[in-house]
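Taking it in order: structure first as structure tokens, then the write-up.
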Amino acid sequence: MSHIPPLDPNVAARKGFRESEERLKRFWASADVRVEGEGWLLVLDGRAPKTPAANRFILPTEAAAHLVCEEWAAQGEFIDPGTMPATRLAATAIDRVSLAREPVADEIAAFAGSDLLCYLAEDPGSLVEEQVREWGPWRDWAARTHGIVLEPVHGIVHRSQDPEAMARVRALALALDDFALTGLATTVPLLGSAVLGLAVQQGVIGGQAAFDLSRIDEAFQERRWGVDAEAAERTQARRSEAALLDRWFKALT
């Protein structure tokens, strides 16, 4: 999402998030967490590392702090930012989302206006049947649980949704703390669905199960035409991200 830009690589290089060919060596022996006010602080060799914006990593729950801590503890001789998604989520929440909550919520709500679950295929019939069977219950859940009523359409032509539905999504997003809001802002575009993103955030469906629902069309095409290794690798990376986001939300509760 545009209001959650990537970490500044210049600052990242000084803070352990470098994303260049030059690798940063591990500079700590032990990683741990400790109570800090009403939160939990990440500490490396007893000292608090900083986010790219020079804030400390203070997480709202012990479980979330340990999720971040595990990534730092698992680093080898060189730091690999690609293996630190929870750290990135935490830094984004602290440095970015805390300063842009309303624009972030606006973008999440916008996904409800073109939610994946509302765009059914026109054919073949077997794919349409699968989408109706698998997606319909989640639109029903959103309407029943949150009053988010979204109307489906067959084909790719955009259909405007009730502004009230989008307003309800926005309100749900703003009711979250910075860390859960960051997770939701990451989950929704990954799945292409505000409804599925909210369901994962609320623990109604697992991240990987939601990811599989989001790619019914892709999976259908793969069954028909096969899948190459590169596409399979991309899919697995996205599925792993969905699983991490599931863990992130659970750790925040």
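Once Lys and Arg get +1 and Asp and Glu get -1 on their Cβ, which of 149, 37, 189 lies farthest toward the positive end of the dipole of the chain? Checking the options against the dipole of the chain, the answer is 37.
Along the axis of the charge dipole computed for segment 126-253 (Cβ charges of +1 for Lys and Arg, -1 for Asp and Glu, origin at the Cα centre), the listed residues 126, 244, 158 are led at the positive end by 244.
Taking the number of other C-beta atoms within 10 Å as the exposure measure, put 69, 118 in order starting with the fewest.
Numbers: 69 24, 118 19.
By the 10 Å Cβ count, ascending, the order reads 118, 69.
Summing +1 for each Lys or Arg and -1 for each Asp or Glu among the other residues whose beta-carbon sits under 14 angstrom from that of residue 212 gives -2.
If each residue's Cβ is checked for other Cβ atoms within 10 Å, how do 214, 240 rank with the fewest at the top?
Details: 214 21, 240 14.
By the 10 Å Cβ count, ascending: 240, 214.
For the pair residue 133 and residue 61, label points projected 7 Å from Cα toward Cβ lie 3.4 nm apart.
Taking the Cα centre of segment 100-252 as reference, the dipole from Cβ charges on Lys and Arg (+1) and Asp and Glu (-1) amounts to some 360 debye. Grab the other residues whose beta carbon is less than 14 angstrom from that of residue 104, score K and R as +1, D and E as -1, and report the net. Combined, the nearby Lys, Arg, Asp and Glu give -3. Derived scalar couplings between HN and Hα for segment 211-219 equal 4, 4, 5, 6, 10, 4, 5, 4, 5 Hz in order, rounded to whole Hz, by the Karplus curve 6.51 cos²θ - 1.76 cosθ + 1.60 (θ = phi - 60°), x for Gly and Pro.
Taking the beta-carbon count within 10 Å as an exposure proxy, list 33, 204 from fewest neighbours to most. Intermediate results must be reported in sequence, preceding the final value.
Details: 33 22, 204 13.
The order, fewest Cβ neighbours first, is 204, 33.
Backbone amide hydrogens, once placed in the peptide plane, bring residue 148 within less than 5 Å of 143, excluding anything fewer than 5 places away on its chain.
GNM remark for the chain: springs join alpha carbons under 10 Å apart, and the peak mean-square fluctuation among 113, 197, 37 falls on 37. All other residues whose Cβ lies under 10 angstrom from that of residue 58 are scored, Lys and Arg at +1 and Asp and Glu at -1, for a net of -1. Rounded to the nearest 500, the 222 nm mean residue ellipticity of the chain from helices alone is -17500 deg cm²/dmol, with -39,500 (n - 2.57) taken per DSSP H run of at least 4 residues.
Multiply the residue gap between residue 230 and residue 140 by 0.36 nm, knock off their C-alpha separation, and tell me the result in nm, one decimal place. Intermediate values should be presented prior to the final figure.
Numbers: separation 90, 0.36 × 90 = 32.40 nm, distance 3.54 nm.
Contour length minus the Cα-Cα distance gives 28.9 nm.
Here the Karplus curve 6.51 cos²θ - 1.76 cosθ + 1.60, taken at θ = phi - 60°, turns the phi angles of segment 155-161 into couplings of x, 9, 5, 4, 10, 5, 9 Hz, with x standing for Gly and Pro. Label positions at residue 110 and residue 77, each projected 7 Å from the Cα along the C-beta direction, are separated by 4.5 nm. Legend: calculated FRET efficiency, residue 154 to residue 26, from the Cβ-Cβ distance at R0 = 45 Å, rounded to 0.05, equals 0.25.
Read-outs throughout are calculated quantities, based only on the coordinates presented, and are distinct from any laboratory measurement. Just so it is clear, the structure is predicted and the values come from calculations on it, not from any experiment. Note that we place each Cβ from the backbone using ideal geometry, even for glycine, and neighbour counts take in every protein chain shown.
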